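The values are calculated or read from the model by the stated rules, or taken from the named source; none is laboratory data. This one's a predicted model, so the numbers in the text were calculated from it and none came from an experiment. Every residue, glycine as well, gets a Cβ built from its backbone with ideal geometry; the counts of neighbours run over all protein chains shown.
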């Protein structure tokens, strides 16, 4: 029995990217094929509505995985026609088969894995390609189509965004295009589902015509001729959408537009997140889960080693989900009861912004400043997400291409971007002493973000690649594709974050029981208190901050700090280390080695900033 | 008049006559529709040598200032 390359398990649902002919026993080979049937690869340029076509073709059972050895994610699902189940793979969008970035490399690799190896008869394997083409950008899209045809795999072309062609004054002769390409061409509007049934029914007719392999220039010449022949463009009037598109891309109005969009997104994220916590998660935990846990606590004798590991310390004879620190109490409550609702609302809004087509515009608007910090336009994503919750922010660092950029972005975000919950508590607490002090905290963080970025850009070798990005027209998102994406992301978060948080809580628990944390606090305490000019009691807040930063800030309230001490404590608390959930995600995204360096930077920065503030204020 | 894409005025149209870059840049730009002989319209440019946005056919493309300097266009007055 062959095991999966990705997760080393026999029973996983990952695609086996192992060529079937390498199977040695004939029966196991058959079993392999019998289980996975044939594969359909959805391929096309970015922004052609490929994911919506995918969503239309597949059912609820979709899985997102990282392509082995990369941070590139792809999704797979299943198409059922009668009793026949076909695997559908949404290949990352690519402009050509000459990879220019990691996602395009992955696309090429995936294509190669279904390619006939010569002796293998293609019709038997039954793998085929659906080439999704943006009908409003025929010429550019056809380049990939011709590239794909050269690969001798059965193919059909979905001429997507068919409805858009009318608005844009484009007429395409589908029959003529079919003749040119030698494969079925089906006009589709994935957004409404128009043409999808026909697309599915045409799959058996997928063909692989023999076409000459041409060089670049010749190919473009051919495409030019072809498009002139099949396409007829008439003039059209500007629509409101055109104006909004134009307006949101001009420097000044664009920034204003961005500010409004970001503000509205945050309000919505907070509203949905808080609503979920207040009406769903808190009642679930407090009214249903807590009594069960209290019984278990009683059974375990309310104390002792096992009790402390599983349930944690009782606070006033009761379990406190935030402070008890047991695996079953805090370990489950933090990821599920406090983070999940925000992750849900984040991904919902983020998915909307993505499908609407706004994110590339935002990246372009902020590209200049991001480059000064050694990053590039898309790095705004982890920063903005981080402002809501550092966990999705850390996850979003994967949109960045190079290890250097991921490191800088993750470090900057962890150090200088406080999460929404923390911002709220800081404003509430420091705000009592006057708005100017709140400004001191956030201004320090902002300056830190800039200065640290400038420094890291110089210290870490490498360049930030220049921006080159297509700006898609605005589209109304298709809710089903949106929900599918949301589900994929949420299940990914649950699968990955919960074990990590549990391990973290267990670790802290053990360190606590062994008095190592006490030891560290006593060791570092005098040094830090002198340096920062804050009392000992602040150090214990720092320890709690590892779990929940907002709670830690709240803990400062009864300490009777002076305003200066409060400002320093709040700033240091933000900077010194990410919370445990963020930490866990960062380890996954950066790797242990880079995370260690990043963490070192955080601690160092906290020490220095605390000291400087102590001197200056 | 020939000038780099980065120096075009907003709204100005021009035909690409030269891309002063390697094969890699050429084919990346070609894949997005920026090729010699094709017409581009400048949509906008960000402040402080930020990215330049152009329209090619029905597609809008943003490219870094450095890249925009390498693309030479012929602008008709």
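Taking strands (runs of 3 or more DSSP E) that do not extend beyond chain B, which have at least 2 residues that are within 12 Å of another protein chain (Cβ to nearest Cβ)?
B:39-45, B:52-56, B:59-63
State whether the residues of the stretch A:261-270 include one that is exposed (fewer than 12 other Cβ atoms within 10 Å of the Cβ), out of contact with any helix residue (DSSP H, G or I) (no Cβ under 7 Å at 6 or more places or on another chain) and not assigned by TED's automatic domain parsing to the domain that holds residue A:336.
no
Examine the stretch A:280-299 for a residue that is in contact (Cβ under 8 Å) with a residue 60 or more places away in the chain and either out of contact with any strand residue (DSSP E or B) (no Cβ under 9 Å at 6 or more places or on another chain) or not in a loop (DSSP other than H, G, I, E, B) (or both), and state whether such a residue exists. Quick ask: steps written out before the conclusion?
Restricting attention to the stretch A:280-299, the residues satisfying the condition of being in contact (Cβ under 8 Å) with a residue 60 or more places away in the chain are A:280-281.
Adding the requirement that they be either out of contact with any strand residue (DSSP E or B) (no Cβ under 9 Å at 6 or more places or on another chain) or not in a loop (DSSP other than H, G, I, E, B) (or both) leaves A:280-281.
Yes, there is a match, as at least one residue in the stretch A:280-299 is in contact (Cβ under 8 Å) with a residue 60 or more places away in the chain and either out of contact with any strand residue (DSSP E or B) (no Cβ under 9 Å at 6 or more places or on another chain) or not in a loop (DSSP other than H, G, I, E, B) (or both).
Consider residue B:64 against the criteria (1) modelled with pLDDT under 90; (2) crowded, with 22+ Cβ neighbours inside 10 Å; (3) under 20 Å from residue A:363 (Cα atoms): it satisfies all of them except one. Which criterion is unmet?
For residue B:64, the failing item is (1).
Do you know which residues across the stretch A:304-332 are touching a residue at least 40 places away in the same chain (Cβ under 8 Å) and either touching a strand residue (DSSP E or B) at 6+ places or on another chain (Cβ under 7 Å) or under 30 Å from residue A:263 (Cβ atoms) (or both)? Break it down into steps so the answer makes sense when it comes.
Going through the stretch A:304-332, the residues touching a residue at least 40 places away in the same chain (Cβ under 8 Å) turn out to be A:305, A:308-309, A:312, A:322-323, A:325-327, A:330-332.
If the condition is that a residue be touching a residue at least 40 places away in the same chain (Cβ under 8 Å) and either touching a strand residue (DSSP E or B) at 6+ places or on another chain (Cβ under 7 Å) or under 30 Å from residue A:263 (Cβ atoms) (or both), then A:312, A:322, A:323, A:325, A:326, A:330 are the ones that fit.
Of all residues being part of a loop (DSSP other than H, G, I, E, B) and surrounded by fewer than 12 Cβ atoms within 10 Å (Cβ to Cβ) in the stretch A:214-236, which is nearest to the chain's Cα centre (by Cα)? Just the residue, please.
A:215
Can you list the helices (runs of 4 or more DSSP H) lying wholly within the stretch A:387-490 that have 2 or more residues being in contact (Cβ under 8 Å) with a residue 40 or more places away in the chain and either within 14 Å of chain B (Cβ to nearest Cβ) or surrounded by fewer than 24 Cβ atoms within 10 Å (Cβ to Cβ) (or both)?
Numbers: elements: A:390-396, A:403-416, A:420-430, A:435-459.
Answer list for the stretch A:387-490: A:403-416, A:420-430, A:435-459.
Can you find a residue that is in the same structural domain as residue A:426 (by TED's automatic domain parsing), modelled with pLDDT of 80 or more and surrounded by fewer than 13 Cβ atoms within 10 Å (Cβ to Cβ) anywhere in the stretch A:527-542?
Within the stretch A:527-542, one or more residues are in the same structural domain as residue A:426 (by TED's automatic domain parsing), modelled with pLDDT of 80 or more and surrounded by fewer than 13 Cβ atoms within 10 Å (Cβ to Cβ).
Taking the criterion of being out of contact with any strand residue (DSSP E or B) (no Cβ under 6 Å at 6 or more places or on another chain) and free of Cβ contacts under 8 Å to residues at least 40 places away in the same chain, would at least one residue in the stretch A:501-509 satisfy it?
Yes, the conditions are met somewhere in the stretch A:501-509.
Pull up the stretch A:94-103, narrow it to residues that are touching a residue at least 40 places away in the same chain (Cβ under 8 Å) and out of contact with any helix residue (DSSP H, G or I) (no Cβ under 6 Å at 6 or more places or on another chain), then point me to the one that is farthest from the other protein chains (Cβ to nearest Cβ).
So the residue we want is A:102.
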